[in-house]
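Student: Right, I'll just put the structure down here and ask away after.
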Amino acid sequence: MSTGDLQGLYQQVILDHAREKHGFGLGNGQAPDTASHQVNPTCGDEITLHLHLEPGDGSIGSVRWEGQGCSISQASASLLADLAPGIDVPGMRQRIDAFRLAMRSKGTIEPDEDLLGDAVVLGGTSKYIARVKCAMLAWVALEDALLKLPAAP
């Protein structure tokens, strides 16, 4: 597959996730273990994210969210909601760090598909500094929610 074809595919995945938002909606009747609300002051994108943990092992059960903003911020939240379930807290922190590193790379670092799954489609966003905050918004919200978790006894 050529680079142009791959970029077109990545753009299509982003648009698909922006339209069909996975994990969208907070009203599932379950109180979150922790939550975060984040706003990108540069463009006005915002997200409220609820984190639900699995009762037995403390891994992520689900990430639910609501928000408004550009296609990149909405797709990023949707992709994150698909990625997170089943990952333990340290593993999720590792993924957030890897995503942040890729976003700060200005296109010099190819995101790690083993860690980030389909979220690698956002890698090209790192070339557009004004869009990096859009892509990072949900990830920053999840990072904040993880920091709010009570310390293990």
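The values are calculated or read from the model by the stated rules, or taken from the named source; none is laboratory data. Please read all numbers here as calculations on a predicted model, not as lab measurements. Virtual Cβ from ideal backbone geometry, glycine too; neighbours counted across all protein chains shown.
Student: What is the number of the single condition among (1) surrounded by fewer than 18 Cβ atoms within 10 Å (Cβ to Cβ); (2) at pLDDT below 95; (3) not hydrophobic (A, V, I, L, M, F, W, C) that H17 does not meet?
Tutor: Only one criterion in (1) surrounded by fewer than 18 Cβ atoms within 10 Å (Cβ to Cβ); (2) at pLDDT below 95; (3) not hydrophobic (A, V, I, L, M, F, W, C) is unmet by H17, namely (1).
Student: Kindly evaluate P150 against the criterion of being at pLDDT below 95, farther than 24 Å from Q11 by Cβ and not in a helix (DSSP H, G or I).
Tutor: Yes.
Student: Could you grab the pairs with beta carbons closer than 6 Å, sequence gap of 6+ or different chains, first residue in the stretch 48-62 and closer than 20 Å to Q38 by Cα, second one basic (K, R) and surrounded by 14 or more Cβ atoms within 10 Å (Cβ to Cβ)?
Tutor: From the stretch 48-62, the pairs are H50/R64.
Student: Let me ask something else. Would you confirm, using the coordinates I've provided, whether L53 is in contact with an Asp or Glu (Cβ under 7 Å, 6 or more places away or on another chain) and either surrounded by fewer than 21 Cβ atoms within 10 Å (Cβ to Cβ) or not β-branched (V, I, T) (or both)?
Tutor: yes
Student: Next question. Hey, can you tell me all the residues within the stretch 47-99 that are assigned to a loop (DSSP other than H, G, I, E, B) and of a type in the set (V, I, T)?
Tutor: I87, the sole residue that qualifies.
Student: For Q12, indicate whether it is exposed (fewer than 13 other Cβ atoms within 10 Å of the Cβ), not aromatic (F, W, Y) and not in a loop (DSSP other than H, G, I, E, B).
Tutor: Here the answer is yes, as Q12 does meet what is asked.
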